[in-house]
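The structure appears below as structure tokens.
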Amino acid sequence: MSKIIAISCHKGGVGKTTTAAALGGILADRGKKVLLVDLDAQMNLTSTFIFEALPARTMAEALSQQRDIPEVPVRKNLFLAPSSDDLSAMDSTIGAKPGPGKDYLLAELLKPVQDKYDYVIIDSPAQVGIATANALVAADYVLIPVNADAYSIGGLGQIMYLVDEVRRYCNRSLDVLGVFITRFNPRRIVDRKVQESVAAEYGSLALKTFIRENSAIAQAPICHKDITAYDSSCNGAKDYVSLCNEILKIIKKKSKA
């Protein structure tokens, strides 16, 4: 059975999309079959891999009409369920419908396809809403990136609160894989302070891996590639390989527990 990982944080620009693309690419290169699900109306994960016209079917249509999840091949072992800007209307359309079940739409869509994949990785939007709730309800694990700044730390509390609420009411098996720092520069005092703060506040949930500030990370999506496909020798790629190894060890340990 596949492992479903939601990447979430209530702050934009922390590297959710970069992380989804990087982990998906690394796992696919290791022979694992991966589905990337783009739930963000900004479509950054989609545009990383699709640089021509959008496919006829996207996640907006799948969620609003409960139709089959789209599975677009990206490269060997890697598939994408693309987003569109229509997802921005989810809260006013799906959210306005009467009756329960709004937060379970993605989980239901994934049931027929998830056993085809070793991993499903969900890129969720920064704002709290139907899309983020659907990501967390469908997921086995949540992975939380955070920038080395005070504002991102504030977003951590929000996502942890939402995770607790989802566990309480919707998905008791949801587990936090960990919190990790992106765009990290060990020479900056503020970065080191944030690292210390995350470690002190979240203990074992604070991952050992951090993603160093690296220009190749910004360049890769312009070339429609994940970071390891763009430049496997750069610091960003090496850090994401380290992150992938760390979270796989955590998943293996939790699966045996």
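The values are calculated or read from the model by the stated rules, or taken from the named source; none is laboratory data. Being a predicted model, the structure only gives us computed values, none of them experimental. Every residue, glycine as well, gets a Cβ built from its backbone with ideal geometry; the counts of neighbours run over all protein chains shown.
A compact table of results
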quantity: Test: residue in region 219-230 that is β-branched (Val, Ile, Thr), outside any loop (DSSP other than H, G, I, E, B) and either in contact (Cβ under 8 Å) with a residue 12 or more places away in the chain or within 21 Å of ASP140 (Cα to Cα) (or both); calculated: yes
quantity: Test: residue in region 11-20 that is crowded, with 21+ Cβ neighbours inside 10 Å, at pLDDT 95 or above and touching a Lys or Arg at 6+ places or on another chain (Cβ under 9 Å); calculated: no
quantity: Region 31-57: number of residues that are modelled with pLDDT of 90 or more and of a type in the set (D, E, K, R); calculated: 4
quantity: Among (1) over 24 Å from ASN235 (Cα atoms); (2) part of a helix (DSSP H, G or I) - the single one PRO125 does not satisfy; calculated: (2)
quantity: Residues (buried (at least 17 other Cβ atoms within 10 Å of the Cβ), more than 21 Å from LEU45 (Cα to Cα) and of a type outside the set (Val, Ile, Thr)) located in region 211-257; calculated: LEU248
quantity: Residue among SER88, SER84 that alone is within 18 Å of the chain's Cα centre (by Cα), among the small types (Gly, Ala, Ser) and modelled with pLDDT under 85; calculated: SER88
quantity: ALA206 being over 18 Å from ALA20 (Cα atoms), crowded, with 18+ Cβ neighbours inside 10 Å and in contact with a Gly (Cβ under 9 Å, 6 or more places away or on another chain); calculated: yes
quantity: Residue within region 190-209 that is at pLDDT below 95 and within 27 Å of MET43 (Cα to Cα) present; calculated: no
quantity: Residue match in region 190-205 (condition: assigned to a loop (DSSP other than H, G, I, E, B) and not aromatic (Phe, Trp, Tyr)); calculated: no
quantity: Test: LEU136 is at pLDDT 95 or above, part of a helix (DSSP H, G or I) and either aromatic (Phe, Trp, Tyr) or touching a helix residue (DSSP H, G or I) at 6+ places or on another chain (Cβ under 7 Å) (or both); calculated: yes
quantity: Unique residue being in contact with a strand residue (DSSP E or B) (Cβ under 8 Å, 6 or more places away or on another chain) and either aliphatic (A, V, I, L, M) or over 24 Å from GLY12 (Cβ atoms) (or both) when the list is GLU52, GLU61, GLU71; calculated: GLU71
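Conditions tested, residue by residue: (1) among the basic types (Lys, Arg); (2) touching a residue at least 40 places away in the same chain (Cβ under 8 Å).
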{"site": "VAL142", "(1), (2)": "no, yes"}
{"site": "PRO145", "(1), (2)": "no, yes"}
{"site": "MET160", "(1), (2)": "no, no"}
{"site": "ASP164", "(1), (2)": "no, no"}
{"site": "ARG168", "(1), (2)": "yes, no"}
{"site": "VAL176", "(1), (2)": "no, no"}
